[in-house]
Number of protein chains: 4
Amino acid sequence: MARIGFIGLGVMGRPMAEHLVRAGHQVTAHNRSQGPVRALVEAGAEAASSAAEAADGAEVVITMVPDSPDVEAVVLGEHGVLATARRGLLLIDMSTIRPDTAREVAEAAAARGVRFLDAPVSGGQAGAVEATLSIMVGGDAEDFQAARPLLETLGRTIVHVGPVGAGQTVKAANQLIVAGVIELVSEAIVLLEAHEVEMGPAVEVLAGGLAGNQVLERKAAGMLARRFDPGFRIDLHHKDLQIVQAAARDAGVAVPVTALVAQMLVSLRSLGRGGLDHGAILTLIEDLSGRGR
Amino acid sequence: MARIGFIGLGVMGRPMAEHLVRAGHQVTAHNRSQGPVRALVEAGAEAASSAAEAADGAEVVITMVPDSPDVEAVVLGEHGVLATARRGLLLIDMSTIRPDTAREVAEAAAARGVRFLDAPVSGGQAGAVEATLSIMVGGDAEDFQAARPLLETLGRTIVHVGPVGAGQTVKAANQLIVAGVIELVSEAIVLLEAHEVEMGPAVEVLAGGLAGNQVLERKAAGMLARRFDPGFRIDLHHKDLQIVQAAARDAGVAVPVTALVAQMLVSLRSLGRGGLDHGAILTLIEDLSGRGR
Amino acid sequence: MARIGFIGLGVMGRPMAEHLVRAGHQVTAHNRSQGPVRALVEAGAEAASSAAEAADGAEVVITMVPDSPDVEAVVLGEHGVLATARRGLLLIDMSTIRPDTAREVAEAAAARGVRFLDAPVSGGQAGAVEATLSIMVGGDAEDFQAARPLLETLGRTIVHVGPVGAGQTVKAANQLIVAGVIELVSEAIVLLEAHEVEMGPAVEVLAGGLAGNQVLERKAAGMLARRFDPGFRIDLHHKDLQIVQAAARDAGVAVPVTALVAQMLVSLRSLGRGGLDHGAILTLIEDLSGRGR
Amino acid sequence: MARIGFIGLGVMGRPMAEHLVRAGHQVTAHNRSQGPVRALVEAGAEAASSAAEAADGAEVVITMVPDSPDVEAVVLGEHGVLATARRGLLLIDMSTIRPDTAREVAEAAAARGVRFLDAPVSGGQAGAVEATLSIMVGGDAEDFQAARPLLETLGRTIVHVGPVGAGQTVKAANQLIVAGVIELVSEAIVLLEAHEVEMGPAVEVLAGGLAGNQVLERKAAGMLARRFDPGFRIDLHHKDLQIVQAAARDAGVAVPVTALVAQMLVSLRSLGRGGLDHGAILTLIEDLSGRGR
């Protein structure tokens, strides 16, 4: 069993840390607010008052925080992981951040003798709770092999996709596809409803062919019922599409449809719907079709 | 067993008609070129020199032709189905055409005492050959029930989605989603390749999450290998997106992403790629990213 | 002075016909509703009960009707121009229609020995009233020279831009640019207002540089004041962008921005704003930015 | 006459600084490369080896550098303007940068008792050489009045558009409109050429109506001749549209067409055309229409 520092106990991080505790690892956890830390301590973890303290003496540190600047803060900051990290520490960042930030943090870590993997996840809160996350990992193959047993405690599909940053790039591609497919399914639903098609059998037949996708499988029912309790919030998907666009721009890749979908997320936030589930992209297509409620 | 007139023996129609012959129905077939007719006659059908002749005495007529004007010609034209149709005939159009054309043809049929279903399919040539098509049917519930046994000879998922035209609207929604998802997967692939991600595991992990879709499952391998032998041609998908946009415009529904994807299909045709599989949308994103071959 | 049949006395056609009467021509006018005909008769014209009657004995016929089907009806229909047209008649269609419809009508006319020019206009109602229209003419150079004196009675800038259909294509390009520029000015205005910039000097400086355009000169004041009394209605501009897209598709030309702007006009109509001036594109950008009223 | 520090002697800055020297001001200039400095010294200026040295003892400092980070470096950096600025200095940044960077620099300046104006320009190299620039100024009204005489040495239209940052926001709006209009004119030109319209009279009539704009007036001839020597480079316009999109995102403003145009600039750069004049947007529409050379 490993000594693990775990930083970031949000809706994703908290159930992930609990799986590690239950698996018998010695987990020292840090979080900005103390509520989640206390809950984890009751489950058997120890509390740390800073990222540096969580990393002190750890063999592995996992970070799971909201955005690129947060990772920079908890790793590179004054009381960050690198302040106390011992040589040979394996630092696994499971946040969703910019690929170039991942590479910058990896360089700073390497300068301190710390190994780095970027290992963002998909599967949402349910995947974190049920330990069925998909985990896309960038970094050295050797480090990936070292991390694999731990990651298998957290998810079901764990793949090594390339050097540092590659994990984040795959996550970016994932978010690109998800937002776009929700948008397409929204156009389809509004078109079908406007033509008074029976939606149950229509969705069934769409899901059964080449148009079939997980948004139809998992989210269409909620979208048809206009239930938009999150789930994954528009605000976060907006952030992720900014990452996608930056990664595309850096590589000179054209993403015209994604650029248009990103504009829709800007609109949804301006319309006060940033806190709704990303399935609420449907409401913008309704508004644009004069069918808003 | 039924007396069936079958009109249109293209890559889809021919295997469909063969299934009906093999199931023991008495099929009289018509096609513009005679080669496919002779092949079907060898399998046990009779040949007709016009749509009118194929419909003469039939209980059911099935039409499977390329586009809206073709359906108008073989049904409403001088030597068309309605010229000889007996009262009570069940006319099933399985072509992909405009919903409003379906409604016009249905009205003309009704005026002659002919019942009409629009029953477009998805599943492509493979689905036609293997009798695993999805069939989305618009029309009266009673007519649908009458047609169902025949349709079960041709496909696996057969659903009634509403009144006449509804089948075509669902098919339009299907084509909207398929074209859009191919475009999104293309953006994702070019982005990942530009960042030198390992594509095998990347596609695997994308396919396993909320980004998962049938384009990734069935077409990504061909797209990664730049194999674009059709399949379903860009030219046809271009035609279908014109139908989608007309149906959306008629209903006042906004389809901004589809409008943009439709422009890409215009470009691909102008670039001489209209005969390639629709997976070749990838090549336009490559061109736009300065990565064309 | 010429014997002229004039068909279509709408907001554009009526002042145009009046200019011809005042210039001393012998005008026989036809319109669906009789009010405008009576007004023109008081000014010195004669009334005709059909397009055919207006064309009977005329040396020149001018048509100014709303859309492609209307031109087909008044020229090719049972009581249309060609029913009575004498050989050598010069038919000038000044409506805004599809270039391919213009070519079809020209062919039908030629078969009857009738010469045809397509001569759509820009400049709006004010341009019609003040005889300052721009007129873009397609057809034979000789016919253009014959028509020029008459057209100079109606407009100020009269140019020959190519064979039959070319006038409509230039008009399509005009409408493409106008709609797009209104959209861009709308994005700029909402951006500037959101940042609390002083709009008067901002518009002044924008108008003075490479960003300068006639929309800023003539329409920005109304847009800033949210005055959207037409002017040129969204409904008509929507129709015109359908013509643009058809002309582009026929020629295999990609018009991605225009396709997106056309979607916005679909939205505005669905939102019940089709009767407003096209400057109201601004309201959609406001809505999309959460700043609608 | 004033003591002026001038930082940044690029294609714009050099002729601007010369105008100030010729007007009798005492100019101390700094530039990264020394060639332009030597030329200016011959004209009567003094040379400074750093921004700090140029600012030392100055009453006014003008900065004219490529991008946001450059302004931060020459103002806030170790050897930057604020290192030597005396209280009451008037700092005028004439670069095109992000509005929020302008506000940050203004705050840092205020903390040192330095007054700040953002005063970006339009009019290009020709405008700089001929002192006919348009200058859009953000900042205190009093500071604007103090700067006006100097700015009148450099440009013709000088307007105060609001508080600090407003100048940059108006410049952003300017670049939004210019890029968009070039794109629209490109769609129009390719459409007209594809239909074999005579381009000379077509452009003349378009320029004369509501579609009229400065791109048609000043750039269409070069675009029709496919002359794309800069002028204003695609690379710079790409940078500016990133600023536009950031400013829009910060304010929650939707700019869907601009987002699409920005993607085209990404493509043009990836296609190796970043060094061409922005009129070369035309070449992408040609490529997309299968009409590239």
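Before we move on, is D:Phe228 open to solvent by 10 Å² or more (accessible area, probe 1.4 Å), under 18 Å from the mean Cα position of the chain (by Cα) and closer than 28 Å to B:Leu284 by Cβ?
Details: open to solvent by 10 Å² or more (accessible area, probe 1.4 Å): yes; under 18 Å from the mean Cα position of the chain (by Cα): no; closer than 28 Å to B:Leu284 by Cβ: yes.
So D:Phe228 fails the test.
For A:Ala29, are the conditions met, namely being open to solvent by less than 40 Å² (accessible area, probe 1.4 Å), in a helix (DSSP H, G or I) and of a type in the set (A, V, I, L, M)? Before you say what the answer is, go through the steps one by one.
Values: open to solvent by less than 40 Å² (accessible area, probe 1.4 Å): yes; in a helix (DSSP H, G or I): no; of a type in the set (A, V, I, L, M): yes.
So A:Ala29 fails the test.
Which residues, taken from the stretch D:252-293, are over 20 Å from B:Arg291 (Cα atoms), surrounded by 21 or more Cβ atoms within 10 Å (Cβ to Cβ) and at the interface with another protein chain (Cβ under 7 Å from one of its Cβ atoms)?
Residues satisfying the conditions are D:Val253, D:Ala254, D:Val255, D:Pro256, D:Val257, D:Thr258, D:Ala259.
Please verify whether A:His160 is open to solvent by 10 Å² or more (accessible area, probe 1.4 Å) and under 23 Å from A:Phe6 (Cβ atoms), treating the condition exactly as stated. Give the steps one after another, and end with the answer.
Numbers: open to solvent by 10 Å² or more (accessible area, probe 1.4 Å): yes; under 23 Å from A:Phe6 (Cβ atoms): yes.
So A:His160 fits the description; yes.
Please specify each residue of the stretch B:122-139 satisfying the condition of being touching a helix residue (DSSP H, G or I) at 6+ places or on another chain (Cβ under 7 Å) and either among the aliphatic types (A, V, I, L, M) or over 17 Å from A:Ala211 (Cα atoms) (or both). Can you show your working first?
As a first pass, look at the stretch B:122-139 and keep what is touching a helix residue (DSSP H, G or I) at 6+ places or on another chain (Cβ under 7 Å): B:122, B:128-129, B:131, B:133-138.
Within the stretch B:122-139, B:Ala128, B:Val129, B:Ala131, B:Leu133, B:Ile135, B:Met136, B:Val137, B:Gly138 meet the criteria.
Out of B:Ala202, B:Ala221, which single residue is open to solvent by 40 Å² or more (accessible area, probe 1.4 Å), more than 27 Å from B:Pro99 (Cα to Cα) and small (Gly, Ala, Ser)?
On the way: B:Ala202 fails: open to solvent by 40 Å² or more (accessible area, probe 1.4 Å).
B:Ala221 is the lone residue from the list that is open to solvent by 40 Å² or more (accessible area, probe 1.4 Å), more than 27 Å from B:Pro99 (Cα to Cα) and small (Gly, Ala, Ser).
With respect to the numbered conditions (1) within 14 Å of C:Ile92 (Cβ to Cβ); (2) of a type in the set (Gly, Ala, Ser); (3) assigned to a loop (DSSP other than H, G, I, E, B), which one is the sole condition not fulfilled by C:Ser49?
(1)
So B:Pro66 fits all but one of (1) closer than 30 Å to B:Arg233 by Cβ; (2) touching a Gly at 6+ places or on another chain (Cβ under 6 Å); what number is the exception?
(2) is the only condition that B:Pro66 fails.
Would you say C:Leu216 is of a type in the set (A, V, I, L, M, F, W, C), outside any loop (DSSP other than H, G, I, E, B) and closer than 30 Å to D:Asp118 by Cβ?
Spelling it out, C:Leu216 is indeed of a type in the set (A, V, I, L, M, F, W, C), outside any loop (DSSP other than H, G, I, E, B) and closer than 30 Å to D:Asp118 by Cβ.
Take the conditions among the basic types (Lys, Arg) and in a helix (DSSP H, G or I) and apply them to A:Arg103. Does it pass? Spell out the reasoning first.
Details: among the basic types (Lys, Arg): yes; in a helix (DSSP H, G or I): yes.
Criteria met by A:Arg103.
Among the numbered criteria (1) without any contact (Cβ under 8 Å) to a residue 60 or more places away in the chain; (2) open to solvent by 10 Å² or more (accessible area, probe 1.4 Å), which one does C:Leu191 miss?
Result: C:Leu191 passes all but (2).
Any idea which of (1) part of a helix (DSSP H, G or I); (2) in contact with a Leu (Cβ under 8 Å, 6 or more places away or on another chain); (3) closer than 18 Å to A:Val164 by Cβ; (4) not hydroxyl-bearing (Ser, Thr, Tyr) is the one A:Leu20 doesn't satisfy?
(3) is the only condition that A:Leu20 fails.
With respect to D:Ala211, is the statement that it is closer than 30 Å to B:Gln263 by Cα, in a helix (DSSP H, G or I) and facing chain C (nearest Cβ under 7 Å) true?
On the way: closer than 30 Å to B:Gln263 by Cα: yes; in a helix (DSSP H, G or I): no; facing chain C (nearest Cβ under 7 Å): yes.
No: the conditions fail for D:Ala211.
Determine which member of the set D:Ile62, D:Ile4 is within 17 Å of D:Thr96 (Cβ to Cβ), among the β-branched types (Val, Ile, Thr) and open to solvent by less than 10 Å² (accessible area, probe 1.4 Å).
Working: D:Ile4 fails: within 17 Å of D:Thr96 (Cβ to Cβ).
It is D:Ile62.
Could you tell me which residue of the stretch C:167-204 is nearest to D:Ser122 (Cα to Cα), considering only residues that are outside any helix (DSSP H, G or I) and out of contact with any Ser or Thr (no Cβ under 6 Å at 6 or more places or on another chain)?
Start the filter on the stretch C:167-204 by keeping residues that are outside any helix (DSSP H, G or I), which leaves C:195-198.
In the following step, the residues that additionally are out of contact with any Ser or Thr (no Cβ under 6 Å at 6 or more places or on another chain) were identified as C:196, C:198.
On the way: C:Glu196: 21, C:Glu198: 18 Å.
The qualifying residue nearest to D:Ser122 (Cα to Cα) is C:Glu198.
Is at least one residue of the stretch B:72-88 within 14 Å of chain A (Cβ to nearest Cβ) and open to solvent by 20 Å² or more (accessible area, probe 1.4 Å)? Can you show your working first?
Going through the stretch B:72-88, the residues within 14 Å of chain A (Cβ to nearest Cβ) turn out to be none.
Checked the stretch B:72-88: no residue is within 14 Å of chain A (Cβ to nearest Cβ) and open to solvent by 20 Å² or more (accessible area, probe 1.4 Å).
Can you name the residue in the stretch C:113-127 that is of a type in the set (Gly, Ala, Ser) and at the interface with chain D (Cβ under 10 Å from one of its Cβ atoms) and, of all such residues, is surrounded by the most Cβ atoms within 10 Å (Cβ to Cβ)?
In the first step, residues of the stretch C:113-127 are kept if they are of a type in the set (Gly, Ala, Ser); the result is C:113, C:119, C:122-124, C:126-127.
From what's left, at the interface with chain D (Cβ under 10 Å from one of its Cβ atoms): C:122-124, C:127.
On the way: C:Ser122: 25, C:Gly123: 22, C:Gly124: 18, C:Gly127: 23.
Taking the candidates together, the pick is C:Ser122.
Hey, can you tell me all the residues within the stretch D:93-127 that are on the phi < 0 side of the Ramachandran plot and small (Gly, Ala, Ser)?
Keep residues of the stretch D:93-127 that are on the phi < 0 side of the Ramachandran plot, which gives D:93-112, D:114-122, D:125-127.
D:Ser95, D:Ala102, D:Ala106, D:Ala108, D:Ala109, D:Ala110, D:Ala111, D:Ala119, D:Ser122, D:Ala126, D:Gly127 - these are the residues of the stretch D:93-127 that are on the phi < 0 side of the Ramachandran plot and small (Gly, Ala, Ser).
How many residues are open to solvent by less than 40 Å² (accessible area, probe 1.4 Å) and part of a helix (DSSP H, G or I) if we restrict to the stretch A:128-157?
6
I'd like to check something: does the stretch C:116-138 contain any residue that is free of Cβ contacts under 8 Å to residues at least 12 places away in the same chain and within 21 Å of C:Ala2 (Cβ to Cβ)?
Within the stretch C:116-138, the subset free of Cβ contacts under 8 Å to residues at least 12 places away in the same chain is C:126, C:130.
Now narrow it down to the ones that are within 21 Å of C:Ala2 (Cβ to Cβ): none.
No, the stretch C:116-138 contains no residue that is free of Cβ contacts under 8 Å to residues at least 12 places away in the same chain and within 21 Å of C:Ala2 (Cβ to Cβ).
Which of the following residues is in contact (Cβ under 8 Å) with a residue 12 or more places away in the chain, away from chain B (no Cβ under 14 Å), open to solvent by less than 10 Å² (accessible area, probe 1.4 Å) and not small (Gly, Ala, Ser): D:Ile177, D:Ile182?
Numbers: D:Ile177 fails: in contact (Cβ under 8 Å) with a residue 12 or more places away in the chain.
Testing whether each residue is in contact (Cβ under 8 Å) with a residue 12 or more places away in the chain, away from chain B (no Cβ under 14 Å), open to solvent by less than 10 Å² (accessible area, probe 1.4 Å) and not small (Gly, Ala, Ser) leaves just D:Ile182.
Would you confirm, using the coordinates I've provided, whether C:Ala131 is within 10 Å of chain D (Cβ to nearest Cβ), at pLDDT 95 or above and in contact with a Pro (Cβ under 9 Å, 6 or more places away or on another chain)?
On the way: within 10 Å of chain D (Cβ to nearest Cβ): no; at pLDDT 95 or above: yes; in contact with a Pro (Cβ under 9 Å, 6 or more places away or on another chain): yes.
When the stated conditions are applied, C:Ala131 does not pass them.
Please go through the stretch D:209-218 and give me each residue that is open to solvent by less than 50 Å² (accessible area, probe 1.4 Å) and of a type outside the set (Val, Ile, Thr), ordered by number. Don't jump to the end; show me each part of the working.
Quick first cut of the stretch D:209-218, residues open to solvent by less than 50 Å² (accessible area, probe 1.4 Å) only: D:209-213, D:215-216.
The answer is D:Gly209, D:Leu210, D:Ala211, D:Gly212, D:Asn213, D:Leu216.
Taking the stretch D:223-245 on its own, how many of its residues are within 14 Å of chain C (Cβ to nearest Cβ) and part of a helix (DSSP H, G or I)?
Counting residues in the stretch D:223-245 that are within 14 Å of chain C (Cβ to nearest Cβ) and part of a helix (DSSP H, G or I) gives 9.
Sort through B:Glu196, B:Glu217 and tell me the only one that's within 9 Å of another protein chain (Cβ to nearest Cβ) and either on the phi > 0 side of the Ramachandran plot or modelled with pLDDT under 95 (or both). I'd like the intermediate steps shown before the answer.
Numbers: B:Glu217 fails: either on the phi > 0 side of the Ramachandran plot or modelled with pLDDT under 95 (or both).
Result: B:Glu196 is the single residue among B:Glu196, B:Glu217 that is within 9 Å of another protein chain (Cβ to nearest Cβ) and either on the phi > 0 side of the Ramachandran plot or modelled with pLDDT under 95 (or both).
The values are calculated or read from the model by the stated rules, or taken from the named source; none is laboratory data. Only a predicted model underlies this, so the values are computations on that prediction, with no experimental measurement involved. We place every Cβ from the backbone using ideal geometry, glycine too, and count neighbours over all the protein chains shown. Just the protein is used for accessible areas: all its heavy atoms, side chains included, with ligands, DNA and RNA removed. Shrake-Rupley method; radii C 1.70, N 1.55, O 1.52, S 1.80 Å.
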